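A.B. asks: A single structure is presented below for examination.
Every number here is computed from the coordinates shown, using simple stated rules; none is lab data. Treat the numbers as computed from the prediction; the structure is a model and nothing was measured. Here the Cβ is made from the backbone with ideal geometry for all residues, glycine too, and neighbour counts use every protein chain on show.
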Amino acid sequence: QLRAGRSLSIGLIVLDVSNPFFTDVARGAEDRAAEDGLTVLLGNSDENEDREAAYLDLFEKQRVHGVLFSPVGDAQSRLDALHRRGIPTVLVDRPTTDERFSSVAVDDVAGGYLAARHLLDTGRRRLAFVGGPRDLHQVADRLAGATNAVDETADATLEYIATDALTVLQGRQVGEAIRERDAVERPDALFAANDLVAMGLLQALSMVGPLTVPGDVAIVGYDDIDFASAAVVPLTSIRQPSALIGSTAVDLLLREAEAPDEFERQHVVFQPELVVRDSTAPKV
Ligand code: RIB
């Protein structure tokens, strides 16, 4: 029994609509919403707080049943406002301990650990993490997990190579810079904060020569988007259950919308999974 006076839609705001990870999240959300006869309105924040705030206003004016969003930066004031106005809200791809909101996230520290541990297990010792901005919690947590794995290994090092955004272009630029380094300065393994960055690294490092992937440099991505397995060198990645994140978030939202005062908010955290492919074949 959904509340009267509301439109038959849910608002979803993602960080980057061109990233297939978020397309899959949206697909999961849409499929689940359709089961209850609802549609999903999609907004793209582009990691910009003003755009996020504008979409939240718009969704409220459209009297949506609730909003799902992947908050940018410190979203506290926007979250407080949603709570004050009684708009059911679920945080997507962002853990929280705030009892006022349900959340659906993936353990990114565990994911970062899995990625770096795998690179170390294949014999690499000079690791670099590529991604940014660092205030994006996904980036900070994945880097923290990788640091934990490297700290366990006496002779291993981890360099942080920052990017402004998690895009193919930024990955390619980092890959080109790494190509120019002397062999002693070059990492022998790269952990990209997501698959788009990994694809860019792969382009720069495997298609021009003289370096090869995984011979000179191994690469791990994050998300396991569909293109990861179809890459020129199939990409090892950390899989997130993207569609399940979307469908679970809608589920929680609908349960809250049905009984806002009784429904106990839930904090779901999925575990990521390592998917091994050719881009990290062991050193021979
Ligand atoms: O937008 C940032 C990244 O966080 C995405 O690629 C995906 O990995 C998400 O979890």
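A.B. asks: So which trypsin sites (Lys or Arg not before Pro) in region 177-257 end up in coil per DSSP with only 14 or fewer other C-beta atoms within 10 Å?
C.D. replies: Sparse-neighbourhood loop trypsin sites (Lys or Arg not before Pro): Arg181.
A.B. asks: Continuing with this model, one more query. Residue farthest toward the positive end of the dipole of the chain, with Cβ of Lys/Arg at +1 and Asp/Glu at -1: which of Ala75, Ala33, Pro260?
C.D. replies: Farthest towards the positive end: Ala33.
A.B. asks: Using amide H atoms built in the peptide plane, which far-off residues or other-chain residues are under 5 Å from Asp223 H to H?
C.D. replies: Excluding prolines and chain starts, which carry no amide H, the hits are Ile238, Arg239, Gln240.
A.B. asks: Looking at the chain, what % of its DSSP beta bridges pair antiparallel, to the nearest 5?
C.D. replies: Details: 3 of 39 bridges.
Taking every DSSP beta bridge with both residues in the chain, the antiparallel ones total about 10 percent.
A.B. asks: Which FRET efficiency value, to the nearest 0.05, is calculated for Val276 and Asp46 with the Förster distance at 25 angstrom and r the Cβ-Cβ distance?
C.D. replies: E(calc), rounded to 0.05, equals 0.15.
A.B. asks: Along region 50-56, what does the Karplus equation 6.51 cos²θ - 1.76 cosθ + 1.60 (θ = phi - 60°) give for ³J(HN,Hα), rounded to whole Hz, x for Gly and Pro?
C.D. replies: 5, 5, 4, 4, 5, 5, 4
A.B. asks: Something else now. Quick one: plug the Kirkwood hydrodynamic radius of the chain (C-alpha pairs) into Stokes-Einstein at 37 °C, 0.692 mPa s, and report D in µm²/s.
C.D. replies: D = 168 µm²/s.
A.B. asks: Related question: Can you tell me the orientation of helix 168-179 relative to the chain, as the angle in degrees between its alpha-carbon axis and the longest Cα principal axis, to the nearest 10?
C.D. replies: The angle comes out near 20 degrees.
A.B. asks: log10 I(q)/I(0), Debye, Cα-only region 1-68, no solvent, q = 0.21, 0.27 Å⁻¹?
C.D. replies: Taken in order of the listed q values, log10 I(q)/I(0) reads -0.86, -1.19.
A.B. asks: At a Förster radius of 35 Å, what calculated FRET efficiency corresponds to the Cβ-Cβ distance of Ser7 and Arg134, to the nearest 0.05?
C.D. replies: With a Förster radius of 35 Å, E is 0.35.
A.B. asks: Right, another one. Which number do you get for Rg(Cα) / (2.2 N^0.38 Å) in region 3-122?
C.D. replies: Scaled against compact globular proteins, the figure is 1.16.
A.B. asks: Can you tell me the FRET efficiency between Val17 and Asp121 if r is taken as the Cβ-Cβ distance and R0 is 30 Å, rounded to the nearest 0.05?
C.D. replies: 0.25
A.B. asks: Additional query: For region 208-228 and region 85-147, what is the centre-to-centre distance using only Cα atoms, to the nearest Å?
C.D. replies: Region 208-228 and region 85-147 have Cα centres spaced 20 Å from each other.
A.B. asks: When the chain is modelled as a GNM with alpha-carbon springs shorter than 10 Å, which of Ala193, Ala128, Ala230 fluctuates the most?
C.D. replies: Comparing Ala193, Ala128, Ala230 in the GNM, the peak value goes to Ala230.
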